[in-house]
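Right, one structure below, let's go through it.
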Amino acid sequence: MTSDAPAGWDPAQYRRFAEQRSEPFHDLLAVLQPARIRRAVDLGCGPGELTALARRTLDIDEIVGIDHDPAMLAAAAEHAGPGVRFEPGDIAAWTAPADHDLVLAAASLQWVPDHAAVLARWTNALAPGGQLAVQVPDNADQPTHTVAAALAEREPYRSAFGSAGPPPDPVRHHVLRPEEYASLLWDLGYVTQTVRLHVYPHVLPSSRHVVEWVRGTTLTRFRRTLPADLYERFLVDYERELLAVLGRREPHFFPFRRILLLARRPG
Ligand SMILES: C[S@@+](CC[C@H](N)C(=O)[O-])C[C@H]1O[C@@H](n2cnc3c(N)ncnc32)[C@H](O)[C@@H]1O
């Protein structure tokens, strides 16, 4: 399986929950060990404000945000400036000579397969003493994901996907268990590591906002693969079926499980 194909992201939709989405990012930065950071990379940077925030918060000399989605890169360009730039690239293949003090990836690793190989490539980019900071969602068993997967198996959607079938849920297929990440980090030579499972207690104005949230993330794979009119119909069916499971609440409590990985190379 190849990594997620570019195009299909809607930066404005994604940003609707910018405040909640930035919480794990702040947590990642907070757990980093204090160090001078000359060179950093933000893999799967999305709309770029968090890349710029990382530079300011950690006083990074130079940070490059990498993404493969043209719309996200266009949005990120607004945050370019001294010490911050953005480039197109595939985070599944990304690596560099061992000259980075920080490799950061927030809510992006889940989109690519084979985390053992990808984390090995990212690790090769770290200088001695360099740090890896990664956050992935771990919510594939939640109704937001299971309802979408079940709906995609039904007509008229199933036929529209053709012989390839519905696009698989990357979180279900790619994300490992926390202890598997811990073992991977050990195998990659990290002697200092923190792997943390964290449930973020998001409170959204209403249950309908959960639909708006996932439209900006996990549903992008259906937006990309279905004809526009069928995607609109998919959204209507999805909302009805999801709300039948979640109920209709105002406000809606939306617990969101994420895995945070922090590791430092010896040196
Ligand atoms: C959920 S957004 C996260 C954005 C940002 N890091 C944040 O925390 O808000 C995931 C981003 O990863 C990017 N992405 C997914 N797969 C990628 C790949 N193989 N190469 C480059 N970027 C990728 C998407 O285009 C998207 O912008």
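The values are calculated or read from the model by the stated rules, or taken from the named source; none is laboratory data. Quick caveat, the model's predicted, so the values are computed rather than measured. Ideal geometry is used to build each Cβ from the backbone, glycine not excepted, and the neighbour counts take in all protein chains shown. Please note that ligands, DNA and RNA were not included when accessible areas were found on the heavy atoms of the full protein model with its side chains. Shrake-Rupley method; radii C 1.70, N 1.55, O 1.52, S 1.80 Å.
Miscellaneous remarks
- Rounded Å value of the spacing that divides the Cα centres of the stretch 24-68 and the stretch 119-191: 21 Å
- For the chain, the 222 nm mean residue ellipticity estimated from helices alone, with every DSSP H stretch of n ≥ 4 adding -39500 (n - 2.57) and the total spread over all residues, rounds to -11500 deg cm²/dmol.
- Solvent-accessible area assigned to carbon and sulfur over the stretch 92-143 amounts to 57 percent, based on a 1.4 Å probe.
- Net dipole in debye of the stretch 9-73 [+1 Lys, Arg Cβ; -1 Asp, Glu Cβ; about Cα centre; nearest 20]: 160 debye
- Label reach from Arg172 (point 7 Å along Cα→C-beta): in the stretch 128-153, amide nitrogens under 20 Å belong to 136-153.
- Global size of the chain: 18.5, 56 Å for Rg and Dmax (C-alpha atoms, Rg to one decimal, Dmax whole).
- Sequence-distant contacts, meaning Cα pairs under 8 Å at least 6 residues apart, place the relative contact order of the chain at 22 percent.
- Ser159-Val245 FRET efficiency (beta carbon distance; Förster radius 30 Å; 0.05 resolution): 0.75
- Under the convention that each Lys and Arg Cβ holds +1 and each Asp and Glu Cβ holds -1, the size of the dipole of the stretch 139-224 around its Cα centre is about 380 debye.
- Spread of Cα-to-Cα distances over 5 Å intervals beginning at zero, given as percent, for the stretch 156-267: 2, 10, 14, 16, 14, 13, 12, 9, 6, 3, 1, 0
- Shape parameters for the stretch 167-216, alpha-carbon atoms, Rg then Dmax in Å: 16.0, 45
- Accessible carbon and sulfur surface of the stretch 182-249 relative to its total accessible area, %, 1.4 Å: 54 percent
- Positive-end residue of Leu43, Pro205, Ala149, charge dipole of the chain with Cβ unit charges: Pro205
- For the stretch 95-135, relative contact order (Cα pairs under 8 Å, six or more residues apart, normalised by length) works out to 64 percent.
- When each of the peptides 253-263, 173-183 is scored by the mean number of other C-beta atoms lying within 10 Å of its residues, the order from highest to lowest reads 253-263, 173-183.
- Residue-normalised accessible area of the chain, expressed per residue, 1.4 Å probe, Å²: 44 Å²
- Selected from Ala125, Ala98, Met72, residue furthest toward positive end of dipole (the stretch 71-197; charges at beta carbon): Met72
- Kirkwood hydrodynamic radius of the stretch 5-101, from inverse mean 1/r over distinct Cα pairs, in Å: 13.8 Å
- The mean sequence distance of close C-alpha pairs (under 8 Å, at least 6 residues apart), as a share of the length of the stretch 1-127, puts its relative contact order at 28 percent.
- Dipole moment magnitude, nearest 20 debye, the stretch 113-267 about Cα centre, only Lys, Arg, Asp, Glu C-beta charged: 320 debye
- Peptide ranges 34-40, 126-132 listed from the most packed, as the mean C-beta count within 10 angstrom indicates: 126-132, 34-40
- Theoretical FRET efficiency, 1/(1+(r/R0)^6), r = Cβ-Cβ of Leu230 and Asp90, R0 41 Å, to 0.05: 0.90
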